[in-house]
Amino acid sequence: MKLKDALRYMFRLFCAVTTFELLFIATLGVIDNAVFGFEARELYKIPFVAFMSVLPVLVMIRSETAPRSEWIIRKALHFVLTAGTVFALLIYFQWIDRQNVLFVAVFFLVLYVAAYAVQEIRAKRLADALNERINATREAGRASREAD
């Protein structure tokens with residue numbers, strides 16, 4: 001992933017993470033039957049956590065010719081850094097307690113796997129579309145050579 005692509009991806013991921021944070025807080029509120037009273041300062045924590053959780057994407061910047069083993073190591077490092085950052089901030093801001101740790105861990109894992117799956121599906125679709133265009137261009141070139 002190049003820096004430009006990583007920054008674009010980070011912005012989209014930031015928006016998604018912010019949305020999921022709000023859904024997560026609302027879900028915990030429903031489960032715990034909690035009543036929330038927010039101060040304005042509390043609302044700044046949501047985008048802060050989102051921003052800090054997307055920073056590990058920078059680990060994924062690499063050359064296109066890097067071996068697959070390096071990609072796997074980077075992906076594992078990205079997961080560890082992201083999980084560590086998210087859980088550290090959730091604990092620091094006291095958004096989770098011991099009762100909710102398992103729920104949060106499962107929720108985080110599901111979101112991480114879902115985001116990865118979406119990213120891979122989009123990359124495969126793009127690759128398939130590009131391959132289709134390349135093949136169509138080759139066929140058109142062959143047809144024009146045969147016509148000459």
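The values are calculated or read from the model by the stated rules, or taken from the named source; none is laboratory data. Computed from a predicted structure; not experimentally measured. All Cβ positions, glycine included, derive from the backbone under ideal geometry; neighbour counts span all protein chains shown.
Some values worked out for this structure:
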{"read-out": "Conditions (1) without any contact (Cβ under 8 Å) to a residue 12 or more places away in the chain; (2) touching a helix residue (DSSP H, G or I) at 6+ places or on another chain (Cβ under 8 Å); number of the one not met by Val57", "value": "(1)"}
{"read-out": "Top-ranked residue of the stretch 98-148 - restricted to ones that are among the acidic types (Asp, Glu) and either within 13 Å of the chain's Cα centre (by Cα) or not in a helix (DSSP H, G or I) (or both), ranked as farthest from Ala83 (Cα to Cα)", "value": "Asp148"}
{"read-out": "Among (1) free of Cβ contacts under 8 Å to residues at least 60 places away in the same chain; (2) in a helix (DSSP H, G or I) - the single one Ala66 does not satisfy", "value": "(2)"}
{"read-out": "Pairs, first over 26 Å from Arg62 (Cβ atoms) in the stretch 7-27, second modelled with pLDDT of 85 or more and part of a helix (DSSP H, G or I), C-beta under 7 Å, six or more apart", "value": "Thr18/Ile46; Thr18/Pro47; Thr18/Ala50; Glu21/Ile46; Glu21/Val49; Glu21/Ala50; Leu22/Ile46"}
{"read-out": "Single residue of the stretch 69-97 satisfying the filter (of a type in the set (S, T, N, Q) and in a helix (DSSP H, G or I)) that is nearest to the chain's Cα centre (by Cα)", "value": "Thr82"}
{"read-out": "The stretch 96-124 residues that are surrounded by 14 or more Cβ atoms within 10 Å (Cβ to Cβ), paired with ones that are charged (D, E, K, R) (beta carbon under 9 Å, 6 or more apart)", "value": "Asn100/Asp32"}
{"read-out": "Pair list, Cβ under 6 Å, 6 or more apart: the stretch 33-46 residue in contact (Cβ under 8 Å) with a residue 40 or more places away in the chain, other residue assigned to a helix (DSSP H, G or I)", "value": "none"}
{"read-out": "Exclusive hit being more than 21 Å from the chain's Cα centre (by Cα) and modelled with pLDDT of 85 or more, set Val49, Val57, Val30, Val35", "value": "Val30"}
{"read-out": "The stretch 40-86, residues that are β-branched (Val, Ile, Thr) and either under 24 Å from Phe24 (Cβ atoms) or loosely packed, with under 11 Cβ neighbours inside 10 Å (or both)", "value": "Ile46, Val49, Val54, Val57, Val59, Thr65, Ile72, Val80, Thr82, Thr85, Val86"}
{"read-out": "Test set (1) surrounded by 11 or more Cβ atoms within 10 Å (Cβ to Cβ); (2) part of a loop (DSSP other than H, G, I, E, B) - Asp5 fails condition number", "value": "(2)"}
